[in-house]
Amino acid sequence: MSAILRLGLRSKAATFMGLLAVMLLLAAVATSWIFIDLTRERYGAEVVRNHALLSKEQFMLPVARELALSQKLADSDATRNFLRDESRPDYRKAFFAEAESFRRLFGEHSLFAGVIASRHFYFNDNTLAFSSAPRGTMQRDVPADAWFFASTAKRTPYNFNINTNQQVGVTNVWVNVLVTDTDGTPLGFVGTGFELTHFLQRFARHDTSGLSSMLLAGNGAIQAHPDPARIEHQMVTDKVPTQTLFRLLSGPDDQPRIQAAMQRLRTSQSTVETLNVTLEGQQQLMAITWLPALDWFAVSAVEAHAGALLDSSLLLGALSVLAGLLVLAMILMYFGTHLLVFKPLLALSQGVRSMESGQYDINLHLTRQDEIGELATAFNRMASRVQRHTAELEATVSARTRELTDMLTRQQDNIHCARMIQHAMLPQTALTETCQGQLLVLWRPKDIVSGDLYLFHRDADGWLAGLVDCAGHGVTGALMTVLAHGAFQTAIDRVGSHDPAAILNVMNEIVRAPFAEQLASRQRVPTSMEAALVRIDPGQATLTYAGARIALYCVDRDGTVTVCKGGRRALGEKRQETYQSQTLPAQGLDCYLTSDGLLDQSGGPQEFGFGASRFAGLLGTLHTLPWADRLETLTSALTDWQGQEPQLDDICVIGFTAMPDPRKPAGDLACSSSTTPA
C-alpha cells in the first residue's frame with residue numbers, strides 16, 4: 001500500500017481503475033455467458049417449440065373427442081332416418097332420444113342438426129328449453145347461413161367453422177359432420193359447437209410471460225387469436241380471407257418464409273418449424289406445427305426479450321453476483337478517489353472560489369509529492385502573484401480612470417459649449433419674422449452638435465433661405481458647418497444675394513481651397529457639402545432655386561408636389577460642377593428643403609429608408625394644415641417610421657410659404673420649429 005501511495009496521481013488512478021475494470025469485466029463475462037447461453041441456445045427455441053406442440057395437443061384433444069362423437073352420431077341409423085324424413089314422428093322421437101344422449105357427452109352440451117332437403121336447423125343446449133321443432137330455416141341470401149350451402153356443395157366429411165348462427169343467436173366454433181345415405185347421398189349435418197369466448201380462453205391466450213397462441217386455416221386465415229376482432233369468420237365458404245397471419249407480419253421476407261415452413265410441415269419434413277419474424281411490429285420467435293386432421297396450423301409466438309425465456313433462479317443468482325461485485329467496486333472507487341483525488345481537489349476548489357470572490361491571500365497546506373502536491377504549490381505561487389499584480393493594476397486603473405474622467409468632462413463641456421454656439425448661428429428668429437411665422441424647422445442632430453445647417457439672408461429686394469448638409473456628423477460635421485456658414489457670408493459679399501447659383505459656385509471655390517492638396521492627391525477627406533438656396537423676390541412674385549444634391553419640394557394650393565432637382569455634385573467634391581438657377585412663380589407655393597438624414601432614415605416593416613417619394617407624399621397632405629400642425633404631423637410620421645431603429649444621421653427640414661399672407665390670423669403666424677436632438 002505504501003508503494004502505491006508513492007506513485008503519481010495518474011498511476012494511482014490507473015491502478016484503481018484497472019482493478020475496477022477487471023472486476024466489471026469478470027462480472028460482465030459471467031453474466032453475459034449465462035444469459036446468452038440459457039436464453040438463445042437452450043430456452044429460446046425450446047420454449048416456443050414446446051409451447052406450439054402443447055397448444056396443438058390442447059386443441060386437438062377436446063376437438064378430436066367432439067369430432068369423434070359427432071361422427072358417431074352421424075353414422076347412426078336413427079340420424080339417417082330422421083334426415084331422410086323428418087316429418088315422421090317415430091323417426092323424430094328416435095333421433096332426439098339418441099341425440100340427447102350424445103349432447104350430454106359433448107363438452108359444452110350443445111348439438112345441432114341441419115336437413116339438406118328442408119334446410120331446417122335444429123339446436124339444443126343447456127341454456128335453451130328442449131325442442132324437437134326446427135329453430136329456423138337456412139336462407140341462401142343470409143351471410144350467416146353461407147356455411148350450410150358451402151358445406152353441402154363441397155361434401156367434405158367434416159369441417160370447422162367460426163360463425164354466428166342467426167337461428168339461435170350464438171357465436172361458436174362449429175364442428176360440422178356430413179351425414180350421407182347408404183348410397184352416398186348427402187342428407188344433412190350434425191355436430192356441436194364451442195362458444196367462442198370459452199374456446200379463446202382455453203386455447204388462444206396471451207399470458208404474462210409473453211407467449212401467445214393462435215390457430216390458422218390452411219390459407220393463413222386466423223381461426224383463433226387472443227383478440228377476437230382478428231378472427232376470420234365463415235371460412236367454410238369460398239370468400240377471400242381478410243384476417244390472416246400475413247397481414248400481421250411486417251418483415252421483408254416473413255410471408256414467404258412462413259409459407260415455405262407450412263409446406264414443409266404438410267409434407268412431413270418436420271413436426272415443428274421455428275423462425276424469427278416481425279409480428280405486429282415486434283421481433284418475435286415463432287413456432288408452427290400442423291394439424292393434419294383439419295389442415296390447420298397451431299402457432300405460438302414469444303417476444304424476443306420475454307421473461308418466459310429466462311430461468312429466474314439462475315438470473316437472480318447472476319444478478320446477485322453482479323450486484324455484489326458492483327457494490328464492492330463502487331466502495332473501493334469511492335474511498336480510493338476520495339482519499340487520493342477528491343479531498344485535495346476540494347481544497348483546490350475552495351481556493352479557486354476564494355480567488356473568484358477577490359480574496360487573494362490564500363495558502364494551501366498540501367504537503368504531497370505527486371501531481372496534486374505540485375499543483376497546490378503552483379496555485380499558492382499564482383495566488384501570491386495575482387494578489388501583487390491586482391494591487392498594482394487597481395492603483396493604475398484608478399489613476400487612469402481619474403485622468404479619463406477629467407478629460408471626458410472637459411470634452412463634454414466643450415461640445416455642449418459648441419452646441420450653444422452652433423445654435424446661435426441658426427437664423428431662426430430672422431426667418432420667423434420674415435415668413436411671418438408661416439414656416440417649420442425640424443433640426444435634429446444625431447449627436448450633441450450637428451453637421452446640418454439652415455441659412456438666411458435678407459436684402460432690400462427680397463430674402464434668401466437655404467440648407468447645408470455637411471459630410472459627417474458630431475464634432476466633424478459641426479466644424480464643417482462653421483466653414484459652410486463663413487463661405488455663405490463671403491459668397492454674398494462677393495456676388496450679392498440675387499443669384500443662388502452664383503452663390504453656390506463661389507461657396508464651392510471657398511470650400512475647396514483649404515483642401516486643395518488632399519483633393520489633388522485623391523485622399524478620402526470629408527470635405528463635401530450638399531446645399532440648396534431659394535431666393536424669394538416679393539416684388540416680382542418669383543422664386544429662384546439652385547441646389548447641390550438637395551432638391552426643392554414645392555406644394556401648390558391644391559396639394560400638388562413639384563420636385564426641383566439641382567446639381568448632381570455636392571460642394572467640395574473632387575469633381576466640380578457649375579450650378580444653375582431655376583426661376584418659378586412664387587405665388588401660392590409652400591417650399592420645403594430637407595437633408596438626406598430624413599430621406600435615408602431606416603424604419604418601417606422592411607427597415608427601408610424613408611425615401612423621397614414618401615416625403616413628397618407626406619408634404620402633399622400637409623398643405624391644408626396650420627404650420628404648427630404641419631411640424632407635429634411631420635415629426636410624428638418620422639417617429640412612427642423610425643420605431644426602435646437608431647437615428648442614422650443629422651436631420652434638418654425647413655419649410656416656408658414663398659409669399660406669406662399678412663392677412664392670416666395671428667394664430668397661424670406663430671413660428672413652428674423643433675430643434676431638440678433625438
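Rule-based calculations on the coordinates, nothing more; no lab input. For clarity, every value in this text was computed on a predicted model and none was experimentally measured. Virtual Cβ from ideal backbone geometry, glycine too; neighbours counted across all protein chains shown.
Table for the structure above
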{"quantity": "Full-extension gain in nm, S118 to Q540, via 0.36 nm per residue minus C-alpha separation", "calculated": "139.2 nm"}
{"quantity": "Charged-residue dipole, Cβ positions (Lys, Arg, Asp, Glu), segment 405-512 about Cα centre, Debye nearest 20", "calculated": "220"}
{"quantity": "Per-bin percent of Cα-Cα distances, segment 534-657 [10 Å]", "calculated": "12, 39, 34, 13, 1"}
{"quantity": "For segment 50-75 versus segment 503-539, the gap between their alpha-carbon centres in whole angstrom", "calculated": "116"}
{"quantity": "Amide proton proximity set for S110, modelled H, under 5 Å, gap of 5+", "calculated": "G193"}
{"quantity": "Shape category assigned to segment 546-603 from the gyration tensor of Cα positions, a/c cut at 1.5", "calculated": "oblate"}
{"quantity": "Amide H contacts of T583 (H built 1.01 Å from N, under 5 Å, at least 5 apart or other chain)", "calculated": "Y545"}
{"quantity": "Residue order, fewest to most beta carbons within 10 Å, for M262, M286", "calculated": "M262, M286"}
{"quantity": "Added length on full extension, which subtracts the Cα-Cα distance from 0.36 nm per residue, R402 to L54", "calculated": "115.5 nm"}
{"quantity": "Cα-based convex hull volume of segment 426-673 per residue, rounded to whole Å³", "calculated": "121"}
{"quantity": "Segment 411-518 shape via C-alpha gyration tensor axes, a/c threshold 1.5", "calculated": "oblate"}
{"quantity": "Residues I288, I421 arranged by fewest to most Cβ contacts within 10 Å", "calculated": "I421, I288"}
{"quantity": "Under-5 Å amide H pairs with G188, H placed in peptide plane, nonlocal only", "calculated": "I116, V179"}
{"quantity": "For segment 591-634, alpha-carbon Rg relative to the globular expectation (2.2 N^0.38 Å, N residues)", "calculated": "1.22"}
{"quantity": "Prolate/oblate/rounded call for segment 75-198, Cα gyration tensor, a/c under 1.5 rounded", "calculated": "rounded"}
{"quantity": "Kirkwood Rh, Cα atoms: Rg over Rh of segment 343-470", "calculated": "1.53"}
{"quantity": "Calculated FRET value between H109 and T271, using beta carbons and R₀ = 41 Å, to 0.05", "calculated": "0.75"}
{"quantity": "Mean separation of Cα contacts under 8 Å, 6 or more apart, over the residue count of segment 358-407: relative contact order %", "calculated": "34"}
{"quantity": "Coarse-grained scattering of segment 467-582 at q = 0.15, 0.17 Å⁻¹, given as base-10 log I(q)/I(0) from a Debye sum over alpha-carbon atoms", "calculated": "-0.67, -0.82"}
{"quantity": "Computed E for E392/S354 - FRET, C-beta separation, R0 25 angstrom, nearest 0.05", "calculated": "0.80"}
{"quantity": "Integer Hz, Karplus 6.51/-1.76/1.60 couplings in order for segment 632-638, x for Gly and Pro", "calculated": "5, 5, 4, 5, 5, 4, 5"}
{"quantity": "Spherically averaged projected area of segment 358-407 from its Cα convex hull (nm²)", "calculated": "3.9"}
